[in-house]
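Enquirer: Starting off with a structure, shown below.
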Amino acid sequence: MPETKYSIAVLISGNGSNLQALIDASHLGNYTIGLVISNKSDAYGLERARRANIATQVIDHREYANREDFDAALMAVLDAERPQLIVLAGFMRILSSAFVQHYQGLILNIHPSLLPKYPGTNTHQRAIDAGETEHGVSVHFVTEELDGGPVIAQERVPVLPQDTARELAARVAAQEHVLYPRVVTWFAAGRLVMRDQRAWLDDRLLPPSGA
Ligand code: GRF
């Protein structure tokens with residue numbers, strides 16, 4: 001019998017460097033990327049997916065009257081594909097309650113800050129402006145609270161005195177590309193679950209500061 005790997009869907013809006021890291025890790029890993037969905041037709045990540053022979057789909061949010069209609073279209077595509085995990089990788093859309101509830105505990109997001117610090121956008125500049133000496137990245141389960149779901153794991157980087165937001169973003173991105181495949185691999189191995197709105201790895205509660 002052919003080996004059946006854990007199948008994930010990755011949602012993107014842009015460059016897709018995290019998607020690339022997930023693709024690269026999937027070759028030796030315990031999961032496969034069955035579908036990449038973008039809300040933007042010019043997202044470079046679509047090109048990365050095509051090069052890796054991964055099915056792609058564009059669902060342009062501007063073609064829908066409201067968030068609920070867009071999310072319903074997204075759900076229809078995902079329900080047809082039946083991924084076992086939905087991985088947000090630079091997907092720049094806020095998901096409706098209906099979407100989040102439909103896939104409870106099955107959506108991961110990567111956010112470029114040490115949550116709960118700096119939810120939202122422009123995180124690197126905000127960390128510099130606040131005089132932080134440390135910054136980083138978090139992977140978390142998605143709940144209805146924006147960037148507020150239980151943190152699974154974090155990686156830290158120093159903020160150097162003369163850092164620009166661009167330089168800091170590059171330092172964080174290097175950590176993102178290691179962290180995200182690691183967490184997806186945990187999930188695909190059945191080691192990671194969301195229970196009672198908390199993240200558990202190997203039946204141990206993950207601390208809010210990450211693993
Ligand atoms: C990353 O910084 C990620 O943390 C955030 O959006 C960015 C996506 O970058 N959610 P890329 O498209 O994966 O290159």
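The values are calculated or read from the model by the stated rules, or taken from the named source; none is laboratory data. What you are looking at is a predicted structure, and each value in this text was computed from that prediction instead of being measured. Because the Cβ atoms are built from the backbone with ideal geometry, glycine has one as well, and the counts that use them run over all protein chains shown. The protein model used for the area step is the full one, side chains on, heavy atoms only, and it has no ligands, DNA or RNA in it. Shrake-Rupley method; radii C 1.70, N 1.55, O 1.52, S 1.80 Å.
Enquirer: Looking at Arg182, Arg156, which is the one that is out of contact with any helix residue (DSSP H, G or I) (no Cβ under 7 Å at 6 or more places or on another chain), in a strand (DSSP E or B), touching a residue at least 24 places away in the same chain (Cβ under 8 Å) and among the basic types (Lys, Arg)?
Expert: Arg156
Enquirer: Of all residues being open to solvent by 40 Å² or more (accessible area, probe 1.4 Å) and free of Cβ contacts under 8 Å to residues at least 60 places away in the same chain in region 10-47, which is nearest to the ligand (Cβ to nearest atom)? Just the residue, please.
Expert: Tyr44
Rundown of residues vs (1) open to solvent by 20 Å² or more (accessible area, probe 1.4 Å); (2) within 16 Å of the ligand (Cβ to nearest atom), yes/no style:
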residue	(1), (2)
Asp71	no, no
Met75	yes, no
Asp79	yes, no
Pro83	yes, no
Val87	no, yes
Met92	yes, yes
Ser96	no, no
Pro112	yes, yes
Tyr118	yes, yes
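Enquirer: Considering (1) in contact with a Ser or Thr (Cβ under 8 Å, 6 or more places away or on another chain); (2) under 19 Å from His177 (Cα atoms), say which one Thr56 fails and leave the rest.
Expert: Only one criterion in (1) in contact with a Ser or Thr (Cβ under 8 Å, 6 or more places away or on another chain); (2) under 19 Å from His177 (Cα atoms) is unmet by Thr56, namely (2).
Enquirer: Being among the polar types (S, T, N, Q), more than 16 Å from Asn18 (Cβ to Cβ) and in contact with a helix residue (DSSP H, G or I) (Cβ under 6 Å, 6 or more places away or on another chain) narrows it down to one residue among Ser113, Ser96; which is it?
Expert: Ser96
Enquirer: Would you confirm, using the coordinates I've provided, whether Phe141 is within 16 Å of the ligand (Cβ to nearest atom) and in contact with a Pro (Cβ under 6 Å, 6 or more places away or on another chain)?
Expert: yes
Enquirer: Go through (1) surrounded by fewer than 16 Cβ atoms within 10 Å (Cβ to Cβ); (2) hydroxyl-bearing (Ser, Thr, Tyr); (3) within 11 Å of the ligand (Cβ to nearest atom) one by one and return the number of the condition Thr4 breaks.
Expert: Result: Thr4 fails condition (3) only.
Enquirer: Still on this structure: Part of a helix (DSSP H, G or I) and modelled with pLDDT of 95 or more: which single residue out of Ala170, Ala199 fits that description?
Expert: Being part of a helix (DSSP H, G or I) and modelled with pLDDT of 95 or more holds for just one of Ala170, Ala199, which is Ala170.
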